[in-house]
Amino acid sequence: MNSTVRKAGLAFFAATLAFAGAVYGVTRPASAAVTPQLTAPQLVADMGAGWNLGNQLEANANGIPSETAWGNPVVTQALIDRVKAAGFKTIRIPVSYLGNIGAGPNYTIDPAWLTRIAEVVNYAYNQGLYVLINMHGDGYKSVTGSWLICDSSDQTTIRNKYQKVWQQVATKFQSYNEHLIFESMNEEFDGQYGNPTSACYSNINAYNQIFVDTVRKTGGTNTSRWLLVPGWNTNIEYTAGNYGFVLPTDQYRSASIPGSEQRIMISVHYYDPWDFTGQEDGNITQWGSAATNTAKKSTWGQEDYMDTMLKKMYDAFVVRGYPVFVGEYGSIDKTSFDSANNTYRTNFARALVSTAKKYGAATAYWDNGFNGQYGFGLFDRSSATVTQPGIISAIVNAAAGGAGPPTTTPTTPPTTAPTTSPGGGGTCRVNNTVSAWNTGLTNNITITNTGTAAINGWTLTFTLASGQTIVSGWSATYSPTSGTVTATNAGYNGALPPGGSATIGYQASHTGNAAAPTGFKLNGTTCS
């Protein structure tokens, strides 16, 4: 969102874990060498429930970034610990640079500001959370000191400055593993809400390309890091439709990334219908099919519209291997006008996360730190306590739901037609890749059909070590979450021709024993 100060209400603006091998108790940026490279579906599943630390590091006073300028307290480790304890696995940290950038040609960022950014990043990163940082307020004409303006006449200076700033940021975090994601910019557009203008969109595309090339060239984990880019104003229609968005090329990425995979994500925001989610009045306070008062419900933007819009992103990008990140969504508190408003805010959040997950997208709720009338807050940042448990529970539970593409979307059939009935058996081989840290682990399991007959539909059973509990998974469903677990194929990986394989995985907590599971059986057949 574009963050403006409204201290009493709305401000509209708006890695796998910090692996240290099997060494417990380490809290430092982990080596890229011990971080598994996740595919797009694995990444979306692993990111889980997301939350925005809004109106903090993008806040400013007269063009100088200040995390307390818009009424929020200094960010603390206690707050981030509370966010994690509530069930969130991803934190987006909007960042502005503005007057903390020196003069050209070097455009040096104030070292103290970079240090503070890193400190806040580490609050989350060292707890094993995914972290996203961006360039947020620098592109708003309404913000003092903004300069990333797509319809400015001096694009040469803007591009040089943009390149130098991202070069410094990427270098600062070069050694961080892939739980840190960079986002090129925020809601970049020319300030008018009509159709995009071609000249301005061309500059936005150029910024994205400069961003990708610059980050990759700094080396280290940045050559394989997931990078997030938006289209026009993070608008779904103007990004997925034929309005001028161009995906950046990724020619400098690491050769270790399989050629069939991507490492670029697409950023959009979702605040429809605005009269429910953000308009500061008491007229529209209800949303969705459960609404009881049609006069309090918007005439558009309900569940069917949400599904249509997110499917556009699926059709345009996810099917091509580019995951989508709904980096902001949410609705303001209007309980002073309708005591049932929080019910509909909860329904909206649950529906958005569930629908996004169905269409291969991760999400992050927009929290501006304000509670009460017109606030987006889920936590009291001063006391590091939860203020909206119902909304949080809906988000976390929806994010933990089933993974994979929508069942109505055709998937590519196996090259060899299945010759067994669904659930057919066969011999099998299983390989585990466990990465552990002090209280958790991830395990990527590759299942290979070593028999002579195809398998069409499978379950894999295995026994977790004592003290381990699965907290999330990808490319399969898992039940129960401890003891002897059954993993059931997703809609897109159930067919295993002879010699074919599928990779699934999960994240688990542990109490000291990070051993791989044992006793693997595929459709009842013991695997080697």
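The values are calculated or read from the model by the stated rules, or taken from the named source; none is laboratory data. Remember, predicted model here, so these are calculated numbers, not experimental data. Every residue, glycine among them, receives a Cβ derived from its backbone with ideal geometry; neighbour counts consider all protein chains shown. Protein only, heavy atoms only, side chains kept; ligands, DNA and RNA dropped before computing areas. Shrake-Rupley method; radii C 1.70, N 1.55, O 1.52, S 1.80 Å.
Could you run through segment 470-508 and say how many residues are under 18 Å from Gly48 (Cβ atoms), modelled with pLDDT of 85 or more, open to solvent by 20 Å² or more (accessible area, probe 1.4 Å) and assigned to a strand (DSSP E or B)?
3
Conditions first: (1) surrounded by 23 or more Cβ atoms within 10 Å (Cβ to Cβ); (2) not in a loop (DSSP other than H, G, I, E, B). Ala398 passes all but one, so which condition is the exception?
Condition not satisfied by Ala398: (1).
Test each condition in (1) more than 21 Å from Tyr329 (Cβ to Cβ); (2) under 21 Å from the mean Cα position of the chain (by Cα) for Thr234 and report the one that comes out false.
Result: Thr234 fails condition (1) only.
Filter segment 49-67 down to residues that are more than 27 Å from Leu352 (Cβ to Cβ) and aliphatic (A, V, I, L, M) and give me whichever is least open to solvent (accessible area, probe 1.4 Å).
Result: Ala61.
On the given criteria, is Gly327 at positive phi and either at pLDDT 95 or above or open to solvent by less than 10 Å² (accessible area, probe 1.4 Å) (or both)?
Here the answer is no, as Gly327 does not meet what is asked.
Output the residues belonging to segment 147-176 that are assigned to a loop (DSSP other than H, G, I, E, B) and surrounded by fewer than 21 Cβ atoms within 10 Å (Cβ to Cβ).
Trp147, Ile149, Asp151, Ser152, Ser153, Asp154, Gln174, Ser175
From the list Gly194, Gly128, which one is surrounded by fewer than 18 Cβ atoms within 10 Å (Cβ to Cβ) and part of a loop (DSSP other than H, G, I, E, B)?
Gly194
Of all residues in segment 135-146, which are open to solvent by 20 Å² or more (accessible area, probe 1.4 Å) and closer than 16 Å to Ala103 by Cβ?
Answer for segment 135-146, where residues must be open to solvent by 20 Å² or more (accessible area, probe 1.4 Å) and closer than 16 Å to Ala103 by Cβ: just Gly145.
Keeping to segment 270-290, report how many residues are open to solvent by 30 Å² or more (accessible area, probe 1.4 Å) and not polar (S, T, N, Q).
Qualifying residue count for the region: 6.
Could you please give the count of residues in segment 44-77 that are in a loop (DSSP other than H, G, I, E, B), touching an Asp or Glu at 6+ places or on another chain (Cβ under 8 Å) and within 17 Å of Ala124 (Cβ to Cβ)?
Counting residues in segment 44-77 that are in a loop (DSSP other than H, G, I, E, B), touching an Asp or Glu at 6+ places or on another chain (Cβ under 8 Å) and within 17 Å of Ala124 (Cβ to Cβ) gives 6.
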